[in-house]
Structures are given as C-alpha cells and as structure tokens.
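Following: one structure in structure tokens, then a few remarks.
The values are calculated or read from the model by the stated rules, or taken from the named source; none is laboratory data. These numbers come from a predicted model, not from an experiment. Positions of Cβ are generated from backbone atoms using ideal geometry, with glycine treated the same way; all protein chains shown enter the neighbour counts. With ligands, DNA and RNA removed, areas are computed over all heavy atoms of the protein, side chains included. Shrake-Rupley method; radii C 1.70, N 1.55, O 1.52, S 1.80 Å.
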Amino acid sequence: MGTHLITGAGSGIGAAVARRLAGRGEQLWLLARDARRAKELRERFPGSRTLVGDLAEPERLSWAFGQQELPVELDSLLQVAGVVELGTVGELSAKVWQHTLAVNTVAPAELTRLLLPSLRQARGQVVFVNSGAGLRADAQWGAYAASKFALRALADALRAEEHAHGVRVTSVHPGRTATPMQEKVHAQEGREYRPDAWIDPESVATTVLTALDLPRDAEITDLSVRPGH
C-alpha cells in the first residue's frame, strides 16, 4: 500500500485521483486550506489524513507544516490544485498575477522542497498536473499560462536534480476538462458550459495512475491529454 499526498482533492481531477487511490486501499494525505476544509475531506475520504496549509501563502507553508506531523515516507506527491483568472495583459492587475503564480507555481515548489526528504526515503514520484496552457499561451491566458510554463520548468529542473535520488517527476498537461474550474472559465469567456464536450476528470486520473504504476525501469516525463470529442 502506497502513501500519497494530494492537493486539490476537493473537486475535479484531484477528487478523481483521490477516489481511485482510495479504492485501491492506498493511504491518502490530503492538503486543505483550513481546518474546516480538512474535516470535510476526512469525512469524504474515510481513513485519509490531512495537512493544513494555504497554497495562496506559500511563504507560510514551512511554519504550518512545522506544527503538524508529516509522512515519513511518501510514494507520491500529486500536485493538482490550481487557480485561473482570465484577462488581457492590459487588464490583469499585479495582485492577480501574484496570486496566480503563488498558487500555481511557488506553492508547488515549496511543497516539493518540504516533502523531498519523505519522497527520497520512498524513492517516490512527483506528479504536476499542469495544463495545455503550459505548452502554449493564448490571448487572455497570460497569467495562467505563465504560471504553468514556470511549473513545467520546475518539473524539468526537479527531474534532473532528483534522478540520482530515485525520485521520478511527471508533468501531465490536460486540455479542457469538465471541472468546476472549467465552468468558471466558461463564465469568464461568456460561453455556455457543456461538461460532456470536455475530458472527464476520471480520464485524467487514469493518466496520473498510469505514470505512478509504470515499472521502475522507466519514467513518464510528460503526458499531453486532449479532448477526444
């Protein structure tokens, strides 16, 4: 039975990954932004454990984790949580840029730093659920795409640094997926939201588990997943 820490387990892709791993009898550690959310996650995933830390304040994660028990060995760190705010470069404020980069890039880097000892101990794996926007940037996607391009750079650097420690690193780049985030994006775009037009979160969860389950003689470095409709 493996031990996995998941961010973004409350909905969408993160919840799908958590359900699949829980169904296999794996041990889950779920990151929550506050104690109330942690309680909700433990009720939703019986037997799971929680860590409390706000990704919007990555500079406080070290202090927060210092007050809590961390897993001694970690088979995977699954970084799924993210935020998006559309707008042109001429419109988006510095506050939006800072929040987007904090949650989508700086917090994953800090989580990785804090949990590397546990990952090295288990020769584990870090999976960054990135985005198609981490491969190309379209109009109004500047802040989000910049945060995801940076996340890909983080993954590439980490992979090179941790190979000798036996830690595998995978970037998954889903296209539009039927999640609450996608519903918000459609509202910002002024478009009708039809979940059946996009990737099911379970399909992205399958790609994450494929990377995790790959035999140790190989490593999936990058996966792009696109809507099949």
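Angle of helix 180-189 to the longest C-alpha principal axis of the chain, folded into 0 to 90 degrees and rounded to 10: 20°.
Given labels modelled 7 Å from the Cα in the Cβ direction, how far is it in nm from TYR193 to SER224? Each label point lies 7 Å from its Cα, and together they span 2.7 nm. Principal-axis analysis of the Cα atoms of the chain puts helix 142-162 at an angle of about 30° to the longest axis.
For the stretch 1-88, the relative contact order comes to 35 percent (Cα pairs under 8 Å, sequence separation of at least 6). Karplus-derived 3J(HN,Hα) values for the stretch 84-95, using 6.51 cos²θ - 1.76 cosθ + 1.60 with θ = phi - 60°, are 9, 9, 7, x, 6, 4, x, 9, 6, 7, 4, 4 Hz; glycine and proline are entered as x.
With θ taken as phi - 60° and the Karplus curve 6.51 cos²θ - 1.76 cosθ + 1.60 applied, the whole-hertz 3J(HN,Hα) list for the stretch 112-122 is 4, 4, 5, 9, 4, x, 5, 5, 5, 4, 9 Hz, x standing for glycine and proline.
Could you please state how large a percent of the accessible area of the stretch 25-67 is carbon and sulfur, counting protein chains only and using a 1.4 Å probe? Carbon plus sulfur share of accessible area: 46 percent. Excluding ligands, DNA and RNA, the accessible surface per residue across the stretch 156-195 is 49 Å² with a 1.4 Å probe. Within the stretch 52-80, find all residues whose amide N lies under 16 Å from a label point positioned 7 Å from the Cα of MET1 along Cα-to-beta-carbon. In the stretch 52-80, the label zone of MET1 (backbone N under 16 Å from the point 7 Å along Cα→Cβ) covers 71-76. For the options THR210, THR50, THR177, a Gaussian network treatment of the chain with springs between C-alpha atoms closer than 10 Å singles out THR210 as fluctuating the most. For the pair ALA157 and ASP138 in one chain, pulling the backbone fully straight at 0.36 nm per residue adds 4.4 nm over the alpha carbon distance. Nonpolar atom fraction for the stretch 87-139, defined as the carbon and sulfur part of the 1.4 Å probe accessible area, stands at 56 percent. Per residue, the stretch 1-147 exposes 45 Å² of accessible surface when a 1.4 Å probe is rolled over the protein heavy atoms with every protein chain present.
If I take R0 = 30 Å and measure r between the Cβ atoms of ALA109 and VAL89 in this structure, what FRET efficiency does the formula 1/(1 + (r/R0)^6) give, to the nearest 0.05?
Efficiency at R0 = 30 Å is approximately 0.80.
Quick one: grab the alpha carbon gyration tensor of the stretch 56-166, order the square roots of its eigenvalues as a ≥ b ≥ c, and give me rounded if a/c is under 1.5, else prolate or oblate depending on whether a/b is larger than b/c. Walk me through the intermediate numbers first.
Details: a/c = 3.05, a/b = 1.68, b/c = 1.82.
Oblate is the answer for the stretch 56-166, as a/c is 1.5 or above yet b/c matches or exceeds a/b.
Distant-in-sequence amide contacts of VAL126, defined by a placed amide H-H separation under 5 Å and a gap of 5 or more residues or a different chain, comprise LEU77, ARG168, VAL169, THR170.
Tell me, what is the 1.4 Å probe accessible area of HIS4, in Å² to the nearest 10? That residue has around 10 Å² of solvent-accessible surface.
Compared with the dominant Cα axis of the chain, that is its longest principal axis, helix 12-23 is turned about 30°.
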